[in-house]
Each structure stands twice: as C-alpha cells, then as structure tokens.
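Comments concern the structure below.
The values are calculated or read from the model by the stated rules, or taken from the named source; none is laboratory data. Everything numeric here is computed off the predicted structure, so don't read it as measured data. Cβ: placed from backbone, ideal geometry, glycine included. Neighbour counts: every protein chain shown. Please note that ligands, DNA and RNA were not included when accessible areas were found on the heavy atoms of the full protein model with its side chains. Shrake-Rupley method; radii C 1.70, N 1.55, O 1.52, S 1.80 Å.
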Amino acid sequence: MTPAEFEQAYERLAAALDAVGETDETLFLTRLALLLADACPDLDAFAAALDAAQAGLAPAAGE
Amino acid sequence: MPRPRGQTQSLYYEYPRYVSAPAPELGGEASRHAVAIVGAGPVGLCAALTLARHGVPSVVLDAKTSVGEGSRAICIARHSVEIFQQLGVAGRFLGKALPWTDGTSYYREQPVYRLRMPHGPDERYYPMYNLQQQYIEQYLVEAAQATGLVDLRWGHALDTLRLADDTAMLEVESPQGRYHLRASYLVAADGAHSRVRHQLGLKLAGAAYEGRYVIVDVQMRSSYPTERRAFFDPVANRGATILVHKQPDDIWRIDYQLRDDEDEQEALSEREIRARVGAIVAMLGERAPWQLEWWSLYKAYTLCLDGYRHGPVLFAGDAAHLVPIFGVRGLNSGLADAADLGWKLAMQVQGRAGPHLLDSYTPERRGATLDVFAQAGRSTRFMTPPSRGERLVRDAALSLAAGHDCARRLLDPRQSQPYSYAASPLTTPDDDCSLFAGGPTPGAALANARLDDDTFLLDGLGREFTLFAFGDAAPGDADRAALATVARDAGVDLELRCLAAGTPAAARCGVAEGGVLLVRPDRHVCARWRHADVARVGAALQRALGRSPA
Ligand SMILES: Cc1cc2nc3c(=O)[nH]c(=O)nc-3n(C[C@H](O)[C@H](O)[C@H](O)COP(=O)(O)OP(=O)(O)OC[C@H]3O[C@@H](n4cnc5c(N)ncnc54)[C@H](O)[C@@H]3O)c2cc1C
C-alpha cells in the first residue's frame, strides 16, 4: 500500500467508526481484524500485527 | 480582548505611528484612481508593491494608524521570501527572521516524529523563517513609501462601496472628514471581516472546525533552537495539543488547544493563561523567568468566496479566504494572492492584458485556496479530531508512530508549498514531458536554485516575462531577434537568460542537457520546451497574457 493509500485507509476507517457508532465499535473493530487476518498472506503476518498492536498497552488486570 | 499592557504596547516592539493626512478629495471632486486598495495589512501592501514594481500607482486605505497589533502570523515559507526578494524587502526580512528546517512531534512524553523540510546547499533560502507579523508589515510599509507610487492613507476607513458602470465608488471616513473616491479597480485586502465583502453582499462558504486554541506570546530567554514542536496529549495539556515556536527578540509562541469542556471566557482570563503557560514552560524544561506579551483565541476555518473577482473588485488574503494555521498558510497564501494579482492588474491597467487575464485570478488563487483546504483540513483534523472515529484513529496512529513508518508519516504537518497553476488557462501544457527530467512542470513556481557561489536562478528573473535558456537550447542571433519581435507583438518585455547546462540549477529545472523555460513575472513557469521555437514562445506569451479563451 502506498503512503497515499494508507492515508485514505486511515480516513475511511475513521468514517466507518463514526458510521457504526460507539455501541458497536468493539464488535466492528474485532470483525475488521478477523477479515484482515483472512486477507493476510499467512499466520505469521497476522501474529506480528497482533503483537505490534498490543505493544505498549497495559496488560489487563488478573494476568 | 484583555492585554497584559495597553493596546499596541509591547515588551520588545515599538509600534510606529503613521501620520493621517487629509485626502486631496476632501471637499472637492471624487477623483478617479486606477487602483484603490482597501487594507494595508501584509496582503494589501504586497499588492501595492507589486503594482509599483510594474510602474502602477495605487491608493491604499487603512482604518488604523500603525501596523497590525500582535505578532499573529509568524511562520513565513520560502516561497514568500522569494516574493519579498522581488519586492526588495528580502534583505531586511532575512536580517531579522529566524530560519529553520526541522521539527519534533511528541506523543505524551515520547518524540515520535521528526520533521525535516527539504533543504540543501543549492537553495538560496531556508524552507521556513519565523518573524512577527508586525515587523513584516513595517518593512512592507517602508518599502511602499520608498516607491513614491503608493499613496498610503492611514486612518482612512472604507465605509460604503457601490459599483457603477464598472467603477468602484468608495465613501471613505477619515479623521479630517468623509470623502468620495472612484477607482477603476479595487483590491479588497481588508481582512477576515472585510467591509468590501459585506458591502457587496458576498459571503464566505465552507467549514468551521471545533478545535479552539489560545495563542500566547511570551518573552523568555532560552537556547532551544528554532524548530517546530508539536505535543499530542502532553502532561501540560492532557487530551489536547500544544504547538511551540521560537521568534526573534526572545519571544516564544505557545498555542495550546482548549478541551471541549473548557469555557472560553474563563480560558482567556490572565490568571488562567498564566497558570497554563507556567505549566507548559515547566514541561519544556525552561527555568528562566517569562513574561506575557500578547494573546488571542483562534479557531480553524476553511472558508472562501465563490469567486475572487467581482467586476472591478478583486479579493485577496483573509478577505477572500480563511484557512487553518496548521501548515502555516494564512499569510503565506495571502502573499501569493498579491503576487499573482499584482502583475495581472498592472497589465490590465496599462492596457496590455488580454480579455481573459484578470479572470484567471480566480481559478489560479481560488484553486490554491482549495488545495490549502485539502492539505490544511487534514492537518487540522489530525490536530483537533472532529469526531469520535477520527479521534480513535488519530490516537491509534500516534501510539503506533514511534515504531511504525506507516503511522509516523501521518504526523507530517504538510507545511505550506507553492501551488502549481497547471490547470490555469494561462499555462501552456508540455508537448512532451518525457523531454524533461523532472523540474517545474508548466504552472509550477521556478525553484530558486544555485547558479554559482552567490547567484541563484531567481536573481535573473525579469520584471515582466523571462526566457531561461539552458545549454544547447540557447537561441542563436536570428532567433534572438525573432524573440524580441514576438515579445513586442505581445506588448511585454521578454528578458533572455542564457545559462550553462550541467549545473545544479539546470538539474532542478529538469533540463540537464538543455531546455527553455518561459517564466511569468510571479516566477511561475507558463511553458517549457526542449528548444525555443519562436512561434511557440509567441503563442505561449499570448496565452499567458489571457489572449486565448479558457
Ligand atoms: C489573532 C490572530 C492570530 C493569527 N495567527 C496566525 C498564525 O499563527 N499563522 C498564520 O499563518 N496566520 C495567522 N493569522 C492570520 C494572519 O494574520 C492573516 O492571514 C494575515 O494577517 C492576512 O493578511 P491580510 O492582509 O489579508 O489581512 P489583515 O492582516 O487582517 O489586514 C487587513 C487590513 O485591512 C484594514 N481594514 C479593515 N477594514 C477596513 C476598512 N473598512 N477600511 C480600511 N481599512 C480596513 C485593517 O486595519 C488591516 O490593516 C492570525 C490572525 C489573527 C487575527
């Protein structure tokens, strides 16, 4: 994806989040992640993205 | 608006007092002027100076008797300095302004993006300079006075305006009384609340953004270099943003965003501003004492007129458009309006313009405004996300920026760039762009590239049109004579500059071995060829003067 396309992806994601609304936000984002997992060339690519997305976030309590 | 001291009292700047003189029209006939300009802000002054450069006198009215109050626009882009060079004020500007190239964006406490604006040894000017707007206005005023062609009328305010038979009929209020003035052309450079716009019943259209900023200048000694600092979600303004810029005279510009729940009145109280600025100064790690100089509230708009020409009236600067400060385009785009309008209006007044020249002002400059809206609109949404979705994606990008290029690139503040008049009716498109290795495509501004130790391409820009011929494309004696003839037929001066090929300047122009660029008075390329064919140069000149329909 070119930087210009990535920027459009950013904007479309923002617009989709606004269209979906706050209630279904988490479900929407999780569905999106699953569909993108299917679009990944292999599991390693998806696992790397999962790790990167988690990095820097505080782990949930109880873990 | 409250001020730390009285109006136009400053810790570092002595506001000039301009004398308000009685108008010759007082009590007498409403004399007719070729050009009247309403507003001696930077844009009106730049228009007057450009007209004067082409030998056209103007009357400039301004309601106040000094330069504008407060530092307002502080970031001046390279392309504006190139305009100053043509107007003879670049020297003074450079003697005072602080040049810079870099910037840092922080997310919380971590630097996540490094801005590096393109710069190199073959550039004449830095990509950006910081200087308070009142200095810029003062330099422009003094240059305008020196021309002997600009009738500056301080304390004279436009009250009513009527258009009759393609003439602007002005009623002016001055300390010595009211008078009438007629002008064949009127430049409306009277700022955001343009009286001219109201008198003609015209409205700005577009969008307003939610984000509000308090803009504060403080005097403080600091050795921190001149660069742009942007803070997202910093400790001194959680949930919001801060921008910090250095100015001459130990003045620092601090813009901090108000959170949605903050009350404007309360936020603009001196006590509150002192508290907020104190926290920001501490966050910056500065220990020196600081003093408040000036402050103001700012909201981002992308608003403009549908057309910049209304019969004999031409709108420029804030009177024509309001743009967000992010990417520093407010003043910079107004100066480009004046540079574009100035030469066209001069040709028009002198009877040398084709029937379509003045009409090209709207597509060129409104086109530039819409481009600014697209660029600055994105920067504004990134700085102040207008919806929950935009905020979520923005915050996600910020939190990924430290480790991921894809997200980091989104932090580019997209600083002001000159707009290309590629789609203008004045521009002759390339016959064959494959003959050029990059360089300015027709419509783009000529780069001010190095020729030798101390000369640069724009030093050779003529007052009217210029033909830059590189390397083997330099015309022979017969062609030179023929070129002089086509220029005479077009009614303009055409300077010929023959330059060597194989130089950095030739490379920047995309003509490594040779080529020819025809350049307008405002340094925009209107046509280019591998070799100068005299008939084509003549046709392109006619077109650039508005003699062919759009
Ligand atoms: C508080 C504030 C902060 C700003 N900060 C920034 C910034 O950080 N960066 C940035 O790029 N831009 C900033 N701007 C915008 C920038 O200052 C403007 O883009 C720039 O001044 C536009 O120049 P101008 O000549 O078009 O208008 P102005 O500078 O507004 O000049 C208009 C002139 O017209 C005169 N006038 C008005 N009405 C009449 C009348 N009826 N008769 C006669 N004269 C009249 C006024 O006295 C004034 O001198 C800021 C503006 C404001 C107000």
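Taking the range B:233-262 and a reference point 7 angstrom along Cα→Cβ of B:ARG388, the backbone N atoms nearer than 18 Å belong to B:260-261. Computed from phi, the 3J(HN,Hα) profile of the range B:243-257 under the Karplus parametrisation 6.51, -1.76, 1.60 (θ = phi - 60°) reads 10, 10, 9, 8, 10, x, 6, 6, 9, 10, 8, 10, 9, 10, 7 Hz, with x in place of Gly and Pro.
Taking every residue in A:16-23 and counting other chain Cβ atoms within 10 Å of its Cβ, the average works out to 3.
Compared with the alpha-carbon gap, the fully stretched path from B:GLU262 to B:LYS299 is longer by 11.9 nm at 0.36 nm per residue.
Using a basic spin-label model with each label point 7 Å from the Cα along Cα→Cβ, how many nm lie between B:GLU495 and B:ALA402? Going from the B:GLU495 label point to the B:ALA402 one covers 5.3 nm.
You can think of it this way: the chain between B:ALA208 and B:GLU109 has 32.6 nm of extra reach, that is 0.36 nm per residue less the Cα-Cα gap. Within the protein assembly as shown, antiparallel bridges make up roughly 75 percent of the DSSP beta bridges whose residues both belong there. Using only side-chain charges placed at the Cβ, +1 for Lys and Arg and -1 for Asp and Glu, the dipole size of the protein assembly as shown relative to its Cα centre rounds to 1160 debye. A simple rule links phi to the HN-Hα coupling: the Karplus curve 6.51 cos²θ - 1.76 cosθ + 1.60 with θ = phi - 60°, which for the range B:455-470 gives 10, 10, 3, 6, 4, x, 6, x, 6, 10, 9, 9, 10, 8, 10, 9 Hz, with x for Gly and Pro. The label point for B:ALA288 and the one for A:THR26, both projected 7 Å from the Cα toward the Cβ, are 5.1 nm apart.
Under conditions of 4 °C and 1.567 mPa s, the protein assembly as shown yields 49 µm² s⁻¹ as its translational diffusion coefficient, taking Rh as the Kirkwood radius over Cα pairs in the Stokes-Einstein equation. Per-residue surface analysis assigns B:TRP252 an accessible area of about 10 Å², computed on protein heavy atoms at 1.4 Å probe radius. Ranking B:CYS433, B:CYS526 from most to least accessible surface, computed with a 1.4 Å probe over the protein chains only, gives B:CYS433, B:CYS526.
When B and A come together, around 1300 square angstrom of accessible surface is lost from both chains combined, probe 1.4 Å.
Taking the accessible area of the range B:433-544, probe 1.4 Å, and keeping the other protein chains in place, the carbon and sulfur fraction comes to 49%.
Note that the range B:248-332 presents 37 Å² accessible area per residue, ligands and nucleic acids not counted, probe 1.4 Å. Could you give the nm distance between label points at B:LEU26 and B:ASP102, where each point is 7 Å from its Cα heading toward the beta carbon? So the two model labels end up 5.7 nm from each other. A cut-off of 5 Å between modelled amide H atoms, ignoring neighbours fewer than 5 places along the same chain, links B:LEU496 with B:LEU467.
Grouping the Cα pair distances of chain B into 10 Å bins from zero gives a pair-distance distribution of 4, 17, 27, 26, 18, 8, 1, 0 percent in increasing distance order. In the context of the full set of protein chains, the range B:433-544 has a per residue accessible area of 38 Å² (1.4 Å probe). Under 19 Å of direct C-alpha separation, and excluding same-chain neighbours fewer than eight residues apart, B:LYS96 reaches these lysines: B:LYS246.
The apolar share of the surface of the range B:10-149, taken as the fraction of accessible area on carbon and sulfur atoms (1.4 Å probe, ligands and nucleic acids excluded), comes to 52 percent. Of all aspartates and glutamates in the structure, those lying under 13 Å Cα to Cα from B:LYS203, and not within fewer than 8 positions of it along the same chain, are B:ASP306, B:ASP318. Of all DSSP bridge pairs formed entirely within the range B:4-117, close to 65 percent run antiparallel. A simple packing score, the average count of other Cβ atoms within 10 Å per residue, orders the peptides B:184-193, B:229-238, B:493-502, B:507-516 as B:184-193, B:507-516, B:229-238, B:493-502, with the highest score first.
Phi angles of the range B:495-512 translate, via the Karplus equation with coefficients 6.51, -1.76, 1.60 and θ = phi - 60°, into HN-Hα couplings of 7, 9, 10, 8, 10, 5, 8, x, 9, x, 5, 4, 5, 5, 8, x, 10, 3 Hz per residue; Gly and Pro are given as x. Grab the beta carbon distance between B:SER222 and B:ARG116, set R0 = 22 Å, and tell me the FRET efficiency rounded to 0.05. For B:SER222 and B:ARG116, the calculated efficiency is 0.50. Rg/Rh, computed from the Cα trace of the range B:433-544 with Rh as the Kirkwood radius, has the value 0.93. Name the residues of the range B:489-519 whose amide N is less than 17 Å from a point 7 angstrom out from the Cα of B:ASP432 along the C-beta direction? Zone members listed by number: B:511-517.
Largest accessible area first, the residues B:MET117, B:MET169 order themselves as B:MET169, B:MET117 under a 1.4 Å probe with ligands, DNA and RNA left out. Helix-only arithmetic for the protein assembly as shown: the sum of -39500 (n - 2.57) across DSSP H runs with n ≥ 4, divided by the residue total, places the mean residue ellipticity at 222 nm at -10000 deg cm²/dmol.
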